[in-house]
Every structure is written in C-alpha cells, then in structure tokens.
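Read through the structure below, which is laid out as structure tokens, and then see the notes.
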Amino acid sequence: MYLTIGYHDHEKVNEIARELIPDQATREVIEVLDMGCGTGLVGDQLFKVGGFKNIFGVDASVEMMAKAKAKESYKQTIELWLGKPETFPKNLRNRFRLVVCCAVLVEGHCDKKLFDEMVMAAKGRGTIIIFSTRDQYLRDYGYQKRMDELEANGTWKLAKSLLTHKYDKLGDQNLGRYKKTEVRICAYEIL
Ligand SMILES: C[S@@+](CC[C@H](N)C(=O)[O-])C[C@H]1O[C@@H](n2cnc3c(N)ncnc32)[C@H](O)[C@@H]1O
C-alpha cells in the first residue's frame, strides 16, 4: 500500500548511505542497525541494492519483525522498545558504523530520546546516522532542537539534509488520511 502511493524513505536512505559510505568492501563488513525496522523495507533495500551485508533490526513489534526476518536481509531481528536510553541494551551500544531509522520519529511513536539511542548505538567517530521524519515534526516535537544540541555539543555534524516527498503518487488528491507530504532525511556523522 505505502509503496504504491509513493513511499521512498528506504530508497533515499539507501542512496545517502551509499554516498556517505562509498567503499563497497566497507559496506559489506560494517554492522548496521535499523531502528524501528518494521517489516524490513529499509534493511532489504540496504542489503539488496546498497550492498550492506550485516544488518540488525530492532522493533517493538514482533509481528512486523517476522515479516522482516522472512526477507532474509537481516542477520538478526531483536524485540526492543525504543525511546528509553536508560534501558538500551549493552550489547547494542558502541557497535554500529551505520545507524538508520525511517518513519519512527512520528506522532505517537518515539520522542527525541531516540537520538540519544542512535548515538549510543554508534561505533564512535565517523559513524553515519540517517533518519527520516516529516519536515513539520522537526519543529512540532522538538526534534530539531535536540539535533542542534547534539551538533552544538560536538556529538555529531550534519553530513546531508534532503527534503523530499512521500505519497507523491497521489498528486493533489487525498486517499483517506494519506496525502502528499514533505519528508526530511538527515544524515549525521559522529565526531
Ligand atoms: C511507520 S513504521 C516504519 C517501518 C520501517 N522503518 C519502514 O520505513 O518501513 C514504524 C515502525 O516503528 C516501530 N516503532 C514505533 N515506536 C516504537 C518504539 N517505541 N520502539 C520500537 N519500535 C517502535 C513500529 O512498530 C513500526 O514497525
């Protein structure tokens, strides 16, 4: 359904990941964390098109992750409730050279504490973190403020920011609650 009306987050995230990690041999070996992997759209794209071969997915929904697992693009899928940095598992900390998170920073899902977990999961300097959210949510839910704080305190620097659209195949029509919507994809590099 999402795909037929124009959901592109997974494609854009993959394109940016390839651009920022251009070396194929590196992509094959580094460990990647997909936060809120859902049914595995992002990991599948990173694996099949991006050439990333060590992808781990976490999500609160085991039902959705069962579909991700069936795609066979993930090394492991792990049940995890995100947004609680104090309980973020030790074995996922300081580990991943690429952290991705698509369409999880949304109303009713996760708050800005998710950024702290992205940083926790990162394996130090040079790690790339890429996430997508509605452009409007950056302001409405304080996401931009926290992103700027992490930049100001020297945790990360902006590597790429892309404004795009989802559900663009709808044109000017609405389909139930779906309509063409601005999406911001940000990539940060850990300093
Ligand atoms: C809109 S789906 C996006 C799935 C996938 N990233 C994609 O782009 O296709 C949002 C996903 O985030 C997960 N999610 C939402 N809040 C969560 C939380 N607090 N902890 C873990 N997963 C969460 C949901 O279970 C769902 O799989």
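Only one of Lys112, Lys84 is of a type in the set (Lys, Arg) and closer than 28 Å to Thr164 by Cβ; which?
Values: Lys84 fails: closer than 28 Å to Thr164 by Cβ.
When all the criteria are applied, what remains is Lys112.
Give the residues of the range 1-16 that are more than 9 Å from the ligand (Cβ to nearest atom) and among the acidic types (Asp, Glu), sorted by residue number.
Filtering the range 1-16 down to residues more than 9 Å from the ligand (Cβ to nearest atom) leaves 1, 3-6, 8, 11-12, 14-16.
The answer is Glu11, Glu15.
If the condition is being of a type in the set (A, V, I, L, M, F, W, C) and surrounded by 12 or more Cβ atoms within 10 Å (Cβ to Cβ), then the range 158-174 contributes Leu158, Ala159, Leu162, Leu170.
Is there a residue in the range 49-62 that is without any contact (Cβ under 8 Å) to a residue 12 or more places away in the chain, in a helix (DSSP H, G or I) and either away from the ligand (no atom under 11 Å from the Cβ) or out of contact with any Ser or Thr (no Cβ under 6 Å at 6 or more places or on another chain) (or both)?
Checked the range 49-62: no residue is without any contact (Cβ under 8 Å) to a residue 12 or more places away in the chain, in a helix (DSSP H, G or I) and either away from the ligand (no atom under 11 Å from the Cβ) or out of contact with any Ser or Thr (no Cβ under 6 Å at 6 or more places or on another chain) (or both).
For the range 72-129, the set of residues classified as surrounded by fewer than 19 Cβ atoms within 10 Å (Cβ to Cβ), out of contact with any Ser or Thr (no Cβ under 9 Å at 6 or more places or on another chain), more than 23 Å from Tyr143 (Cβ to Cβ) and without any contact (Cβ under 8 Å) to a residue 60 or more places away in the chain consists of Glu72, Lys75, Gln76, Ile78, Pro89, Lys90, Asn91, Asn94, listed by residue number. Among the residues of the range 114-146, those identified as within 16 Å of the ligand (Cβ to nearest atom), of a type outside the set (D, E, K, R) and either within 13 Å of the chain's Cα centre (by Cα) or over 14 Å from Cys186 (Cα atoms) (or both) are Leu114, Phe115, Met118, Met120, Ala121, Ile129, Ile130, Phe131, Ser132, Thr133, Tyr141.
Of all residues in the range 69-79, how many are near the ligand (Cβ under 9 Å from one of its atoms) and under 15 Å from the mean Cα position of the chain (by Cα)? Give the steps one after another, and end with the answer.
Initially, the range 69-79 is screened for residues near the ligand (Cβ under 9 Å from one of its atoms), giving 79.
Next cut, under 15 Å from the mean Cα position of the chain (by Cα) only: none.
Qualifying residue count for the region: 0.
Of everything in the range 17-42 that is more than 14 Å from the ligand (Cβ to nearest atom) and either closer than 19 Å to Val119 by Cβ or at pLDDT below 95 (or both), the residue that is surrounded by the fewest Cβ atoms within 10 Å (Cβ to Cβ) is Leu20.
The values are calculated or read from the model by the stated rules, or taken from the named source; none is laboratory data. Because the structure is predicted, anything quoted here is derived from the model rather than measured. Cβ atoms come from the backbone with ideal geometry, glycine included; neighbour counts cover every protein chain shown.
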